[in-house]
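Report on the following structure.
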Amino acid sequence: MRILARLLYLGVINLGRNRWAQFFTLSTVAFTAFMAGIFLLLLYNVQQAARSTQEDIQFQVYWDPAYPMEEIREQWKEISSWDIGSMETFTPEEALEDLAGSIAGDLDADSLAGDNPLPATALIEFSLQGQDTQDRALLMRSRLMELPGVQRVSYNPLQVDLARTWVRVSSGIFWPLIGLMLVITGLVVANTLKLNQMQRREEVEILALVGASSSYIQFPLLVSGALQGLVGGVLSLGLLRLLHLALEDVLYFPPLWLKIEFLPLSYILAIPGVLTLVGLLSSFLAVNNRLR
Amino acid sequence: MIQVKHLSHSFGRYWALKNISFSLDKGDFLFLTGPSGAGKTTLMRVLHGSLAVQRGVASIAGFDLKNLPEKRLYLLRREVAIVFQDFKILPDQSVWDNVALPLQVRGMVSSQVHKRVRAVLRSLRLDSKSRYLCREISGGEQQRVAVARAVVINPKVLLADEPTGNLDRKLSLQLMEVFRQFHVHGTTVVLATHNEELIRSLPGAKILCLKDGSAVECSWGPEGEGA
Ligand SMILES: Nc1ncnc2c1ncn2[C@@H]1O[C@H](COP(=O)(O)OP(=O)(O)OP(=O)(O)O)[C@@H](O)[C@H]1O
Ligand SMILES: [Mg+2]
């Protein structure tokens, strides 16, 4: 137990030696992981965006303001019997109220009430799972257009395209890219840490010569390797978070309305976790064949 | 304590040791001598387990060197200490830390470590330098640190490769006295040296002369031996 404590202590102390080498090692690890993190963040957000649009697509239907309201209500009833997810309807009055609510104070809703310029509208959502999303979307659009009194149907084709592209891309590229990125990051980090450990080759050799068991020699090296991986990982997460705070809102404008989301907890834990493992492994490999 | 039979060792196609045989009992003292390149260091490294036994057999302190798994090598090194020709001490650590190292890797409690290290440093006249970093002390002092690190564990076998190479005559003889003390107390000592005076100073010792990797008749004679 006393030995274990001492070995842990040695592992930490080792990091304090040769500060510049440690600094460069940590920087390399942190920045490499940071680059990988940016990549992950990007992929994650594209995936999120595509997912949400893939699941439901919105149609905005506008009726001719002159078209009689009773007919429109009939059509609403009919539409709601179609294979759709949900429908929200707005009579001109409701739309006006909504509008007044959103620009409170600046608009005198009552003065407009007699001569309401707004059309009746419906917001239709339906799910877009599966392959033929584009076809189904177009079909839905023409079906809506054919209703008498309907003036305009708009939907978000950009998102549909995105969704369709994503379905194709994600299977073919997402996982291979993630894999490649992991391999590159792993190699760079492992190599950096290994070089760092190599500096202590002489010390390792001497420890072996004076009768240190291989676990006595390796344990502190593994501890410092793991710590370097962990600290590098946490630093990279910090950088990533700073970047995220700076860029969170850059895509939050029409027609994208994309808020860049930060990585979910599982990813946040995985980054330092994987780096710690890489650190362990590379220190293990760095000294494993130098004990004789 | 040491048995070597028909031991040969080659580096690539060059045979640095050819068919060497000798044996030492507990408390024996062996001088290993011969011209530069004769194979003295090579033999030391085989005995310490740093080089594999390629041909023949060798055992030391109860360990069969031919069949010793790497995992158990450290056990041998807790019984067999070595002083290297090029010291192999840690230049960026203090004299004290270097000498304490073999005791620390055994997990010895620090009060015990203190006692042992202090005694050894005093016997090698290094006590005034104990806080110095090893790169700040002279070659002769570094050499004595290497000796101190070897003897501090009270080894069963002490291998010393030219331990007096950097010392003046007086210090050489003083160091020889340290080795003699261990020998008297039952440590088996193998000492490689070119220094005839050193060899003559211990008449009871065995001598092994090497030349081009082979054991040869010693070409000079302490007590009139050889010719
Ligand atoms: N690692 C090695 N690779 C190749 N050849 C080696 C190696 N080590 C030693 N030799 C060769 O083996 C021979 C014996 O070397 P060794 O170091 O044992 O000599 P030595 O008797 O200790 O000499 P010195 O008195 O100069 O220390 C030399 O010719 C040397 O070139
Ligand atoms: Mg030599």
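Derivation of every value follows stated rules applied to the coordinates shown; laboratory data play no part. Nothing here was measured: the structure is a model prediction, and the numbers come from that model. All Cβ positions, even for glycine, are placed from backbone atoms using ideal geometry, and neighbour counts span all protein chains on display.
Taking region B:67-79, which residues are more than 9 Å from chain A (Cβ to nearest Cβ) and of a type in the set (A, V, I, L, M)? Result: B:Leu68, single match.
Give me a count of the residues in region A:205-244 that are within 11 Å of another protein chain (Cβ to nearest Cβ) and in a helix (DSSP H, G or I).
Number satisfying all stated conditions: 9.
Scanning region B:15-27 for residues that are more than 6 Å from ligand 1 (Cβ to nearest atom) and touching a Gly at 6+ places or on another chain (Cβ under 9 Å) yields B:Trp15, B:Leu17, B:Lys18, B:Asn19, B:Ile20, B:Ser21, B:Lys26, B:Gly27.
Filtered by the rule that a residue be out of contact with any Cys (no Cβ under 8 Å at 6 or more places or on another chain), of a type outside the set (Asp, Glu) and outside any loop (DSSP other than H, G, I, E, B), region B:74-99 gives B:Tyr74, B:Leu75, B:Leu76, B:Arg77, B:Val80, B:Ala81, B:Ile82, B:Val83, B:Phe84, B:Phe87, B:Trp96, B:Val99.
Run down B:Leu73, B:Leu47, B:Leu65 and say which single residue is under 25 Å from B:Val151 (Cβ atoms), within 14 Å of ligand 2 (Cβ to nearest atom) and surrounded by 17 or more Cβ atoms within 10 Å (Cβ to Cβ).
Criteria check complete, one pass: B:Leu47.
Going through region A:196-232 one residue at a time, which ones are in contact (Cβ under 8 Å) with a residue 40 or more places away in the chain and farther than 14 Å from A:Leu280 by Cβ? Residues satisfying the conditions are A:Met198, A:Gln199, A:Arg200, A:Arg201, A:Val204, A:Glu205, A:Ala208, A:Ser214, A:Tyr216, A:Ile217.
Taking region B:110-213 and the helices (runs of 4 or more DSSP H) fully enclosed by it, the elements with 2 or more residues that are of a type in the set (Gly, Ala, Ser) are at B:110-123, B:139-151.
Are any residues in region B:16-30 away from ligand 2 (no atom under 16 Å from the Cβ) and in a strand (DSSP E or B), and if so, which ones? If the condition is that a residue be away from ligand 2 (no atom under 16 Å from the Cβ) and in a strand (DSSP E or B), then B:Lys18, B:Asn19, B:Ser21, B:Phe22, B:Ser23, B:Leu24, B:Phe29 are the ones that fit. In region B:101-136, the residue that is surrounded by the fewest Cβ atoms within 10 Å (Cβ to Cβ) out of those that are in contact with a strand residue (DSSP E or B) (Cβ under 9 Å, 6 or more places away or on another chain) and within 14 Å of chain A (Cβ to nearest Cβ) is B:Leu133. The residue of region B:49-64 that is farthest from ligand 1 (Cβ to nearest atom), among those that are within 14 Å of chain A (Cβ to nearest Cβ) and out of contact with any helix residue (DSSP H, G or I) (no Cβ under 7 Å at 6 or more places or on another chain), is B:Ala52.
Let's see how each residue does on (1) out of contact with any Gly (no Cβ under 8 Å at 6 or more places or on another chain); (2) on the phi < 0 side of the Ramachandran plot; (3) of a type in the set (D, E, K, R):
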residue	(1), (2), (3)
B:Leu126	yes, yes, no
B:Ser130	yes, yes, no
B:Cys134	yes, yes, no
B:Pro155	yes, yes, no
B:Asp161	yes, yes, yes
B:Asn166	no, yes, no
B:Ala192	yes, yes, no
B:Pro203	yes, yes, no
B:Lys206	yes, yes, yes
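B:Leu90 fulfils the conditions (1) within 9 Å of chain A (Cβ to nearest Cβ); (2) more than 12 Å from ligand 1 (Cβ to nearest atom); (3) without any contact (Cβ under 8 Å) to a residue 40 or more places away in the chain except for a single criterion, (3). What about B:Phe87, is it under 13 Å from the mean Cα position of the chain (by Cα), away from ligand 2 (no atom under 16 Å from the Cβ) and within 23 Å of B:Leu198 (Cβ to Cβ)? No, not satisfied. For region B:143-200, residues that are surrounded by fewer than 21 Cβ atoms within 10 Å (Cβ to Cβ), touching a Pro at 6+ places or on another chain (Cβ under 7 Å) and without any contact (Cβ under 8 Å) to a residue 60 or more places away in the chain total 1.
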